[in-house]
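Notes follow the structure.
Only the coordinates and a few stated rules stand behind these numbers; no lab work does. What you see is a predicted model; the values in this text were computed from it and never measured. When we count neighbours, we look across all protein chains shown, and the Cβ atoms used for this are built from the backbone with ideal geometry, even at glycine.
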Amino acid sequence: MIIFGVDPGTARVGWAVIEKEKQHIRARAYGCITTRVEAPGTRLATIYTSIRALLRKHKPECFVIEELFFAVNAKTVIPVAEARGVILLAATQEHIPIASYTPLAVKQTISGDGRADKKQMQRMVQLLLKLNQIPKPDDTADALAIAMTHAYTKRFI
């Protein structure tokens with residue numbers, strides 16, 4: 001099973017491709033889409049075309065994205081929701097089944113603690129995937145964690 005995970009944002013969008021075979025999970029590819037500060041429509045277009053190109057390249061069997069949660073800065077919720085919308089549109093147009101998980105569910109699944117901080121999560125991603133170093137930036141590590149959450153919690157036939 002090839003799983004494509006996304007941590008949505010406007011300036012940075014973390015993405016990851018993992019493969020689950022029986023009980024083994026490995027990272028196939030991961031990275032971060034970075035947009036320049038420009039008109040919102042241009043940023044959204046960059047995100048959309050980049051995600052669509054990655055989906056065509058990696059041909060995942062499912063697509064997983066983090067649900068939005070904003071307890072601190074409500075001003076950023078609308079731009080991130082717009083980015084999430086074009087990301088979901090790209091997956092839908094590629095006919096890939098979509099799942100989503102809350103940040104709490106991701107933290108609980110990967111670290112066992114729903115209140116784990118960024119550093120704990122990054123270290124757990126590194127350990128579980130047996131990576132030589134922690135994936136950077138943190139959006140990339142988050143995308144890996146989101147994809148891993150689906151791999152660990154979803155039953156595959």
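For the chain, adding -39500 (n - 2.57) for each run of n ≥ 4 DSSP H residues and dividing by the number of residues yields -15000 deg cm²/dmol at 222 nm. Summing charges over neighbours of residue 124, with a neighbour being any other residue whose Cβ is under 14 Å away from its Cβ, gives +2 when K and R count +1 and D and E count -1. Near the amide H of residue 28, within less than 5 Å, lie the amide hydrogens of 17, 18, 19, all on another chain or at least 5 residues away, with H placed in the peptide plane. Panel values: the chain, Kirkwood radius from alpha carbon pairs, Stokes-Einstein at 20 °C and 1.002 mPa s, translational diffusion coefficient 139 µm²/s.
Here the Karplus curve 6.51 cos²θ - 1.76 cosθ + 1.60, taken at θ = phi - 60°, turns the phi angles of region 114-131 into couplings of x, 10, 4, 8, 4, 5, 4, 5, 4, 5, 5, 4, 4, 5, 5, 8, 6, 8 Hz, with x standing for Gly and Pro. With a Förster radius of 35 Å applied to the C-beta separation of residue 28 and residue 69, the computed FRET efficiency comes to 0.80. Averaged over residues, the count of other Cβ atoms within 10 Å places the peptides 10-19, 98-107 in the sequence 10-19, 98-107, highest first. Determine which residues of region 6-24 fall in the zone a paramagnetic label at residue 113 would reach in this model, i.e. backbone nitrogen under 16 Å from the point 7 Å along Cα→Cβ. Nothing falls inside the zone, counting backbone N under 16 Å. With both residues required to sit in the chain, DSSP beta bridges show an antiparallel share near 65%. List the pairs from 20/118; 57/107; 20/119; 107/130; 20/154; 22/119 whose alpha-carbon separation is above 21 Å, in the order I gave them. Flagged as over cut-off: 20/118; 57/107; 20/119; 22/119. Taking a point 7 Å from the Cα of residue 105 along the Cα-to-Cβ direction, the residues of region 124-157 with backbone N closer than 18 Å to it are 142-157. Restricting region 49-134 to GluC sites (Glu not before Pro) that sit in a DSSP loop and have at most 16 other Cβ atoms within 10 Å of their own Cβ leaves 61, 67, 94.
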